[in-house]
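The structure appears right after this line, and notes come after that.
Rule-based calculations on the coordinates, nothing more; no lab input. Computed from a predicted model, the values in this text were never measured in an experiment. Because the Cβ atoms are built from the backbone with ideal geometry, glycine has one as well, and the counts that use them run over all protein chains shown.
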Amino acid sequence: MRTDDPRPIRLKDYTPPAFAIAEVTLDIELDPKATRVHTTLKMERNPHSTDRVAPLALDGEKLKLLEVKIDGEVLGRNRYSLSDTQLLIHEVPEGGFTLETVATCAPEENTALEGLYLSNGIYCTQCEAEGFRRITYYPDRPDVMSVFRTRITGDRKATPVLLSNGNPVKSGKTKDGRHFVEWHDPFPKPSYLFALVAGDLAQVEDRFTTMSGREVTLRIFVEKGNEDRCAYAMEALKRAMKWDEERFGREYDLDIFMIVAVSAFNMGAMENKGLNVFNDKYILARPDTATDADYAAIEAIIAHEYFHNWTGNRITCRDWFQLCLKEGLTVFRDQEFTSDMRSRAVKRISDVRLLRAHQFPEDGGPLAHPVRPDSYIEINNFYTATVYEKGAELCRMIHTMAGPKRFRKGMDLYFERHDGEAATVENFLDALAEGAKLDLSQFKRWYEQSGTPEVLASGRYDAARKTYTLKMSQVCQPTPGQRVKQPYHVPVAIGLVGPDGKDMPLTLDGEEKPGAKTRVLHLTEREATWRFRDVKEKPVPSLLRGFTAPVKLNANLKERDFVFLMRHDSDSFNRWEAAQRYATGLLAGMVETVKAGGSPRKGTGFAGMVRDILRAKKTDPEFAAQIVLLPSEQALAQIIGKDVDVDAIHDAREILRVSIAVEAKDALLDCYNRMEVKAAYSPDAEQAGRRALRNTCLAYLAAAPDGDGVALAAEQFRRADNMTDKIAAITVLSNIDCSEREEALAAFHDQWKSDHLVMDKWFTIQALSYLPGTLAEVKRLTGHPAFTMKNPNKVRSLIGSFANANQLRFHDAKGAGYRFVADKVLELDRLNPQVAARMLGAFKSWRQMEPKRRKLMQAELKRIVGVEGLSRDVFEIASKTLA
Ligand code: TRP
Ligand code: ZN
């Protein structure tokens, strides 16, 4: 480490804040170059602090301090010290006092998109996690909660709309021809939930009546001209509000709920109290501009941010180590919402897919950290798949163990006990244990240990005694900083499927009455055995039904068991899982053959299954679309795990795809025709499912060498009246070197060149292409007029997609892909460290690659860490990835 390397923050060093703030008044005068913020804090020493003499420390970054006053008296330069990150006031009066600061910041120069910035001419803020300190001097930590009054003054033409948290209380004109609005938020909140938006915005309005009969005004603000793309978001918001009342008894608490859509945003959206700010791609939708997947994401993210009002805002986090307290829980809540609105089985499959694609590699790589980390250098780097997605799995396990009724009791107790507080994971687990009557003491290890546990299962059928003995054991590999792991409490839902395809009752030795057909076993030791009696015939075990725990399961099953389960399992998740396992086994073998220079045996078994599924008229189309899909190249690389050869993986998968296309052609074509939606477009799950299956068939058909599928795709591209079918068709064409490809890309560009969200799709399609010229094309597109490094959506859609989702071309054998992405990370680091650090995640699996690529990736990482003036964000990811 260099001497000036940033030092980590540790959970064990937590101490309560030295000062409490009873009330905050912000007086903000907007100006792109120098916004002036006059802050008044009513403060006193925190009675819960153990340090009675600590100086008053306020965070502040990229601010110009103009004045400091205590109780109205201006402080001389000797009364405080000032650094790049802190204002330290050496002595303050005993008892209560009023601190005033005046400082300016420069929104126009803010490319990091933290604090106050301009997004396409609109003032907006992003304060989570530590952005408020770029607006004013403040103890910027979530356990300092206060009531905010905000007065915003701005130009009447440029900023007719002036918004902040809570309720508007006063507005008017100023003497110099500007205008102002005052806002009051009655709920005490931490600074990270503060928000301000100002601009010339259009709005769409609706109403919602809460379960206790209160009327709430709902407003969505967008850039002018986008009013016709808000309807779906508004309906989704009302569904979310209703669902939270019914499922969790949670009602909205202010008179007004506002959402603003902006085009420059670091993440998906932000749950600021009463004023959610969204990346506009998660609000704006019209059938001709948004895909079914976009609609589904909008519904889920609207719900997620809305649900934060209780899990995050009313009950917030004591410190950033507790991030999963709000994020894991809120993801679990939004997953449940989506499951109730759409197909539960399909939602579970896509959540597990996501977990395996992002969280498992994180847990198995150099950046592994517990769901509740115990140290960080830059907190922005910890908004991870582990905190969010694994965090949600932990809540789901508690839900599984308690059952819905007792889980609700636990949640009720949590809300009752901690409303208005900044809480910890311990608070949550205590409330759930007590309310749901569970012992969660061993379960807590899930929050503290990193790594994905592996569960090994083996069963033995005794035909003479009619018993089935199931043995399960668990291990967890060492992860950085954690060599030894204690056993986890793993809930495993299981079933035993008889030869007739039906579930058998599960009755343990010693039990009198026949048991249920799906039961949850609790694996708490390193190894345990269960014996079931009255098992009439030899069963096939269906383990980890519904994926009840985030583990890697090895059930010692044979190929024929997977074939059996994928046809018969009553648990739809495990039907899908069996198909995936079967295809993965097949592909792993094919990859070996390709690597050895042979030509692999083709997977007729899988093609047969595809044919059967497509012909089975009663299968839900959306589920069918999932089950016939092959594991992605990335998923295969994960499973292979070492000496990864991306070319062999690509080739093997293509060989299998082609063989399915050829062998199942009639069924694919028939299904393609049958699934056509004749009614007017609607984004509902039923129609979306038909389109998903139809477009999956199209992708297979286009893989066949006869060229019929390509013609079909070109035809679909021309005729489609909705973005889902357009994108599916152009994606298929983008992987094939043909004139139809160029025609489609040009036509798409001409139609949508002035629509920034649709242009993002155009960039992504090209960045994901299998064709060998893709890297050159991506480089060329960075010069396209619609592309800019200053907009995160542009960076993600072009460079991020290439680095994270185009395994074949990013891992160019000569390292040109690595070099390009590393250069872009460095360029971006000077503008937006948060997004730069995320892009660097593409390098996290470097150790799994075959030796040549491993060295090339390592060299790029080393080059990055050696750069002078790196942000904390990029430094932390690069150095930990190399370690
Ligand atoms: N709390 C936000 C969410 O889950 C995410 C978030 C964290 C965020 N940091 C951010 C959003 C920075 C935008 C920018 O929903
Ligand atoms: Zn969240």
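Give me the log10 of I(q) over I(0) for segment 355-445 at q = 0.16, 0.18, 0.19 Å⁻¹, as the Debye formula computes it from C-alpha points; what are the numbers?
-0.73, -0.88, -0.95
Using 23 Å as the Cα-Cα cut-off, could you pick out the over-long pairs in 761/855; 64/794; 347/665; 281/347; 42/189?
Values: 761/855 33 Å; 64/794 31 Å; 347/665 28 Å; 281/347 21 Å; 42/189 15 Å.
Correct reply: 761/855; 64/794; 347/665.
With the cut-off at 1.5 for a/c, could you classify segment 396-457 from its C-alpha gyration tensor as rounded, prolate or oblate?
Numbers: a/c = 2.79, a/b = 1.52, b/c = 1.83.
Oblate is the answer for segment 396-457, as a/c is 1.5 or above yet b/c matches or exceeds a/b.
When a/c is below 1.5 the answer is rounded, else prolate if a/b is larger than b/c, else oblate, so apply that to segment 372-512 with a ≥ b ≥ c taken from the square roots of the Cα gyration tensor eigenvalues.
Oblate shape, in that a/c is at least 1.5 and b/c is the bigger or equal ratio.
Just to confirm the filter: which GluC sites (Glu not before Pro) across segment 658-722 are DSSP coil and have at most 12 other Cβ within 10 angstrom of their Cβ?
Working: sites: 663, 676, 686, 715; in loops: 676.
Qualifying residues, ordered by number: 676.
Quickly work out the residue 206-to-residue 525 label distance, labels modelled 7 Å from Cα along the C-beta direction, and quote it in nm with one decimal.
5.5
Using the Karplus curve 6.51 cos²θ - 1.76 cosθ + 1.60 with θ = phi - 60°, work out ³J(HN,Hα) for each residue of segment 309-320 in order, rounded to whole Hz, and write x for Gly and Pro.
The phi angles translate into 3, 9, 9, x, 9, 4, 10, 10, 9, 5, 8, 6 Hz.
Sorted by mean Cβ packing within 10 Å, highest first, what order do the peptides 258-265, 158-165, 215-222 take?
Working: 258-265: 24.1, 158-165: 21.6, 215-222: 19.4.
Ranking, from highest mean packing down: 258-265, 158-165, 215-222.
Relative contact order for the chain: what is it in percent, counting Cα pairs under 8 Å that are at least 6 residues apart? Spell out each step's value before the answer.
Details: 1702 pairs, mean separation 70.6, N = 883.
Normalised by residue count, the contact order of the chain is 8 percent.
Kirkwood Rh and Cα-based Rg: tell me the resulting Rg over Rh for the chain, rounded to two decimals.
On the way: Rg = 28.2 Å, Rh = 29.1 Å.
On the Cα set of the chain, Rg over Rh gives 0.97.
Select from segment 663-734 those chymotrypsin sites (Phe, Trp or Tyr not before Pro) which occupy a DSSP coil region and have at most 15 other Cβ atoms within 10 Å, ordered by residue number.
Passing sites in segment 663-734 do not exist.
Bin all alpha-carbon pair distances of segment 456-549 at 5 Å intervals from 0 and give each bin's fraction as a whole percent.
3, 13, 22, 23, 17, 9, 6, 4, 3, 1
Determine, from the Cβ-Cβ distance of residue 461 and residue 593 and an R0 of 25 Å, the FRET efficiency 1/(1 + (r/R0)^6), rounded to the nearest 0.05.
Numbers: r = 34 Å, r/R0 = 1.36.
The computed FRET efficiency comes out at 0.15.
Take segment 25-165, compute every pairwise Cα distance, and split them into 10 Å bins from 0; I just need the percent in each bin.
All Cα pairs considered, the percentages come to 11, 42, 33, 12, 2, 0.
I need the fraction of alpha carbon pairs in segment 820-881 separated by more than 17 Å, rounded to a whole percent.
30
Full extension from residue 340 to residue 242: what is 0.36 nm times the residue separation minus their Cα-Cα distance, to one decimal in nm?
That works out to 34.1 nm of additional length.
Could you give the angle, 0 to 90 degrees to the nearest 10, between helix 851-865's Cα long axis and the longest principal axis of the Cα atoms of the chain?
So the inclination is approximately 0 degrees.
Does segment 685-775 classify as rounded, prolate or oblate by the C-alpha gyration tensor (a ≥ b ≥ c root eigenvalues; a/c under 1.5 gives rounded; else a/b over b/c gives prolate, otherwise oblate)?
Values: a/c = 1.62, a/b = 1.07, b/c = 1.51.
Judged from the Cα gyration tensor, segment 685-775 comes out oblate (a/c at least 1.5, b/c at or above a/b).
Given the Cα atoms of segment 642-681, and with Rh set as the inverse mean 1/r over their pairs in the Kirkwood sense, what is Rg to Rh to two decimals?
Working: Rg = 16.1 Å, Rh = 12.6 Å.
For segment 642-681, the value is 1.28.
Mind listing the phi-derived Karplus ³J(HN,Hα) values for segment 66-73, rounded to whole Hz, using 6.51, -1.76 and 1.60 with θ = phi - 60°, and x for any glycine or proline?
Going residue by residue, I get 9, 6, 10, 10, 10, 6, x, 9 Hz, with x marking Gly and Pro.
Quick check: pseudo-label points 7 Å beyond the Cα along Cα→Cβ at residue 679 and residue 82, how many nm apart are they?
So the label points at residue 679 and residue 82 sit 6.4 nm apart.
If you consider only alpha-carbon coordinates, what radius of gyration and Dmax does segment 753-883 have, in Å?
14.2, 44
Considering the Cα trace of segment 555-706, what is its radius of gyration and what is Dmax, both in angstroms?
Rg and Dmax of segment 555-706, Cα atoms, are 15.8, 51 Å.
If the viscosity is 1.567 mPa s and the temperature 4 °C, what Stokes-Einstein diffusion coefficient in µm²/s follows for segment 21-307 when Rh is the Kirkwood radius over Cα pairs? Provide the component values of the computation, followed by the final result.
Details: Rh = 19.9 Å.
This corresponds to a translational diffusion coefficient of 65 µm²/s.
Considering only DSSP states other than H, G, I, E and B, which GluC sites (Glu not before Pro) in segment 815-883 qualify as loop sites with at most 14 other Cβ atoms within 10 Å? Could you put the intermediate results ahead of the total?
Working: sites: 827, 860, 868, 876; in loops: 868.
Passing both the DSSP loop test and the Cβ count: 868.
Across 10 Å bins from the origin, how do the percents of Cα pairs in segment 158-257 run, short distances first?
For segment 158-257, the pair-distance distribution reads 13, 37, 37, 11, 2, 0.
Quick one: which residues, 5+ away or cross-chain, put their amide H under 5 Å from the amide H of residue 570? H built at 1.01 Å from N.
Sorted by chain and number, the residues that satisfy this come to none at all.
Could you tell me the distance between the Cα centroids of segment 442-475 and segment 38-112, to the nearest Å?
For segment 442-475 versus segment 38-112, the Cα centre distance is 56 Å.
What nm value, rounded to one decimal, do you get for the distance between residue 156 and residue 755 when each label is placed 7 Å out toward the C-beta?
Going from the residue 156 label point to the residue 755 one covers 3.7 nm.
What angle do you read, to the nearest 10 degrees and between 0 and 90, between the alpha-carbon axis of helix 646-663 and the longest principal axis of the chain?
For helix 646-663, the angle is close to 50 degrees.
Expressed in nm to one decimal, what extension gain is obtained for the pair residue 97 and residue 22 from 0.36 nm per residue of sequence separation less their Cα-Cα distance?
26.0 nm
Grab the Cα-Cα distance for residue 224 and residue 852, subtract it from 0.36 nm times how many residues apart they are, and report the gain in nm with one decimal. Don't skip to the answer; put the middle values down first.
Details: separation 628, 0.36 × 628 = 226.08 nm, distance 5.17 nm.
In short, 220.9 nm is gained.
For residue 882 and residue 536, FRET efficiency with R0 = 56 Å and r from the beta-carbon atoms, rounded to 0.05? Working shown, then result.
On the way: r = 57 Å, r/R0 = 1.02.
So the FRET efficiency works out to roughly 0.45.
Considering the zone a paramagnetic label at residue 104 would reach in this model (a point 7 Å from Cα along the Cα-to-Cβ line), which residues of segment 149-173 have amide N under 17 Å from it?
153-155, by backbone N distance to the label point.
Report the normalised scattering of segment 199-349 as log10 I(q)/I(0) at q = 0.12, 0.16 Å⁻¹, calculated by the Debye formula with identical scatterers on the alpha carbons.
-0.48, -0.88
With point charges of +1 on the Cβ of Lys and Arg and -1 on the Cβ of Asp and Glu, referenced to the Cα centre of segment 456-549, which listed residue (490, 532, 521) lies farthest in the positive direction of the dipole?
Among 490, 532, 521, the one farthest towards the positive end of the dipole of segment 456-549 is 490.
In whole angstrom, note down how far apart the Cα centers of segment 800-814 and segment 716-752 are.
22
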